[in-house]
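Structure first, commentary second.
The values are calculated or read from the model by the stated rules, or taken from the named source; none is laboratory data. Since the structure is predicted, the reported quantities are computational estimates derived from the model, not experimental observations. Every residue, glycine among them, receives a Cβ derived from its backbone with ideal geometry; neighbour counts consider all protein chains shown.
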Amino acid sequence: MSGTDARQRLPLATGRGIVTVLAVLPLVLAGFVIGYGVGSGDGRFGDAVREAWEGGDGAVDHRPLAASFTATGVAGRAPDAPAVLPVGYSDDLGIAVTHLQFAVDESTVRPAHTAELRLPVAVPPDSEGMTVEVASVHPVSCLCSLTAATAPPYGTVWDAVEVDAATTEIVFDVTGAINAPGRYGFAVTSPDRKAYLELEGAEYDAGPALRTVSEPDAPTGPLPPTAPGDPTTAPPTDPPSTDAPSAAPSDPPATTDPATDPAPASGDPASPAAPPATTSPATEPPTAEPPTTAPPTTAPTGPPADPFDPAASPSPSTDPSAVPGLPAAEPTEPLPESGQSEDQLSVCTTGDKLVPTCGALVGVAPAAHTSKVKEDELLAFEERVQHTQQIYHAYERGDDRLFPTDAQIALTRDPERPRTLFINWKPRMASWAEIAAGDPEVDAYLDRLAAHITANFDKPFFFTVHHEPENDVIQRAGSGMEPGDYADMFRYVVERLRANGVDNLVSVMNYMGYLKWVEKPWHDQLYPGDDVVDWIGLSGYGQSLHDDGRSDFGEIVDQTKGDTAWPGFYHWVAKEHPDKPMMLAEWGVFHEEEYPDHQTAVFQAARYQMAHYPRLKAIVYFETPADSNGGRNSEIHRDEGALEAFRALMRSPFFDVRLE
């Protein structure tokens, strides 16, 4: 289906994102430092200092001192001050990602606040719609080091919006990202592989802005009585509270590619804090005729002719006009007494529910459909690809053997190569409905399993029940294998294990990637519920879908089909489950005798197409010499070119994650 069809399914206002089509006064920017990141979860706003708004409504627009972009089709460094900031895919630039850097301190932001990233659009998409996302990223010390190949991996995705040809401004809710004084950075990207837009650069007074609206600290202690006879006298109050923010980030919630192989690109979620009881600046109507900003002599159209020529772009303005009632923070470093919080994105690590703070985990299901010792094959795979596989995907089919086994546990205890497990259990003792109803045999097994896990394995691990259930559905009343039966069974198993102490279980709902299943009217009935699903998984494979040998990584992650209503798995997750991290629970590329370079091409595409997908937090390769569907081979070492391409993929900064 077309990208337009997919994007139309993201609502214009969902509570997570707002697309504003306004004819109002331009924004004034202020307060930005070079370098950016996300404050640590235990950050505190320090002692009170003189607020920038001086008793106003608490709104401050922070102006960037650095706003640039990377592009996979260009090997050069990020430009210093481009006139426009491209997002999306174009033939000239490849995949373009806008990077923005800001700083906040106590003079501009208080603990109780909301935050919006406001981006005026210079050139809207020429298609009917385009999905745009914003994610936190790790700071770079200098734009001279920022390229598509070295760009910092994505952290939490805070918001997603849909834009179209009429959009003049994009507004993202990034409240959850700002939790302490310090430096903050954002990457603006799009999963749409055939869409492109341009934002206004920082040289315009109406360019990018981080708008914060702070709620004054509540007074503490008893209030003195009002002076008799003077009801208008305001009582003095104690100094503002220095309590931490009321909410900290929590766990989360394909194309025409360049003609030549571009340089590789490199790259959860928190619920935004409740907004204060003030009028949102995004919706407050102007009280006077809005001023206008002189447009550039020639409006930018299409990709910049030479985006990497700094001399072609004037420096950002340092003397913006103030909007009445909306102060501008001085573009200086944060005040020393504010104390910058530790940058939690300086090193990508796994957090709660094994979600990486930035980047993505890698893993493998080794030697599938063979009798080889899988643990030995995992080690052999790691030697071939020259990279630790942090996720070992193991399949358990019985009702007798308990897991994890001693051999599986041993793999997780290697201090030099930290790993976790992805246990994929397919029960055979009863139907889905019988398990959900409390089948005695299954209950007894689950209780033994829980006792085994609690006694022998305390590390967090991925777990799914009867993965890829679609082709086992029997859509007949009373079959015990209807879609709703699966959802009930999944819930029952996860809740029973957790009730018996298995609190280190990280659940994955693992769908099939074949499009014939998503068209079934019962597909949405399979989902067990947000409270028992931690990750959304997909099994997707690269093959010559159109008999041309050109299917790429984007088709695996976000495959669509003709003019059907299906938006693609990535778009579907962003719309239906925005707070869940996404995993390729299985992915593989089969050898094609007719197209011997096909496997190499997909691995090379994956290296830079990761820039499209900030929600993708793990990829687990399915390696087999003969799959169950015709004996297709997905081994990566049959061809030296394919092996080297996979090694290059593993070296991407996207996968530089430390498993905690």
Practice task
Under 9 Å between Cβ atoms, at least 6 apart or on separate chains: pull out the pairs that start in region 454-473 with a residue that is within 19 Å of ILE391 (Cα to Cα) and end on any residue that is in a loop (DSSP other than H, G, I, E, B) and of a type in the set (Lys, Arg).
Solution key: LYS459/ARG413; VAL465/LYS426; HIS466/LYS426; HIS467/LYS426
Practice task
For region 127-142, enumerate the residues that are more than 15 Å from ALA96 (Cβ to Cβ) and more than 13 Å from the chain's Cα centre (by Cα).
Solution key: SER127, GLU128, GLY129, HIS138, PRO139, VAL140, SER141, CYS142
Fill in the blank from the handout: Restricted to region 384-431 and to residues being within 29 Å of the chain's Cα centre (by Cα) and hydrophobic (A, V, I, L, M, F, W, C), the residue farthest from GLY359 (Cα to Cα) is TRP425
Problem - Residues satisfying the stated conditions in region 406-434, i.e. aliphatic (A, V, I, L, M) and in contact with a strand residue (DSSP E or B) (Cβ under 9 Å, 6 or more places away or on another chain) - result: ILE409, LEU411, LEU421, ILE423
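Okay, residues lined up against (1) closer than 19 Å to ILE619 by Cα; (2) of a type in the set (D, E, K, R):
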{"residue": "ALA365", "(1), (2)": "yes, no"}
{"residue": "THR370", "(1), (2)": "no, no"}
{"residue": "GLU375", "(1), (2)": "yes, yes"}
{"residue": "PHE381", "(1), (2)": "yes, no"}
{"residue": "THR388", "(1), (2)": "yes, no"}
{"residue": "TYR392", "(1), (2)": "yes, no"}
{"residue": "GLY438", "(1), (2)": "no, no"}
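Being out of contact with any Gly (no Cβ under 8 Å at 6 or more places or on another chain) and surrounded by 23 or more Cβ atoms within 10 Å (Cβ to Cβ) is the requirement here; does VAL157 meet it?
When the stated conditions are applied, VAL157 passes them.
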Exercise for the section: Evaluate the following for LEU10: is it under 30 Å from VAL573 (Cβ atoms), modelled with pLDDT under 50, in contact with a helix residue (DSSP H, G or I) (Cβ under 9 Å, 6 or more places away or on another chain) and assigned to a loop (DSSP other than H, G, I, E, B)? Expected result: yes
Handout entry: Test: PHE457 is of a type in the set (Phe, Trp, Tyr), modelled with pLDDT of 95 or more and either more than 33 Å from the chain's Cα centre (by Cα) or closer than 30 Å to ALA645 by Cα (or both)
Key = no
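Taking region 130-152 on its own, how many of its residues are at pLDDT 90 or above, in a loop (DSSP other than H, G, I, E, B) and among the polar types (S, T, N, Q)?
So the count comes out to 2.
The rows are residues; the columns are (1) assigned by TED's automatic domain parsing to the domain that holds GLY513; (2) surrounded by 17 or more Cβ atoms within 10 Å (Cβ to Cβ); (3) in a helix (DSSP H, G or I).
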position: ARG401; (1), (2), (3): yes, no, no
position: GLU434; (1), (2), (3): yes, yes, yes
position: GLU441; (1), (2), (3): yes, no, yes
position: LEU449; (1), (2), (3): yes, yes, yes
Fill in the blank from the handout: Within region 403-431, residues among the hydrophobic types (A, V, I, L, M, F, W, C), out of contact with any Pro (no Cβ under 8 Å at 6 or more places or on another chain) and outside any loop (DSSP other than H, G, I, E, B) come out as ALA407, ILE409, ALA410, LEU411, PHE422, TRP425
Handout entry: Looking only at region 581-595, and only at residues there that are modelled with pLDDT under 95 and in a loop (DSSP other than H, G, I, E, B), the one that is surrounded by the most Cβ atoms within 10 Å (Cβ to Cβ)
Key = PHE590
Handout entry: THR114 being modelled with pLDDT under 95 and not assigned by TED's automatic domain parsing to the domain that holds HIS612
Key = yes
Problem - All positions within region 464-523 that are assigned to a loop (DSSP other than H, G, I, E, B), surrounded by 15 or more Cβ atoms within 10 Å (Cβ to Cβ) and within 28 Å of the chain's Cα centre (by Cα) - result: HIS466, HIS467, GLU468, VAL502, ASN504, GLY513, TYR514
Completion exercise
Reported set for region 56-78 where residues are surrounded by fewer than 24 Cβ atoms within 10 Å (Cβ to Cβ) and of a type in the set (Phe, Trp, Tyr) is none
Handout entry: Residue satisfying all of: in region 524-545; part of a loop (DSSP other than H, G, I, E, B) and under 21 Å from ASN633 (Cβ atoms); modelled with the highest pLDDT among these
Key = GLN543
Problem - Filter result for GLU203 (more than 20 Å from the chain's Cα centre (by Cα), assigned by TED's automatic domain parsing to the domain that holds ALA78 and in a strand (DSSP E or B)) - result: no
Exercise for the section: Answer yes or no as to whether ASP92 is of a type outside the set (Phe, Trp, Tyr) and within 23 Å of PRO191 (Cα to Cα). Expected result: yes
Practice task
Scan region 602-657 for residues that are modelled with pLDDT under 95 and basic (Lys, Arg) and jot them down.
Solution key: ARG607, ARG632, ARG638
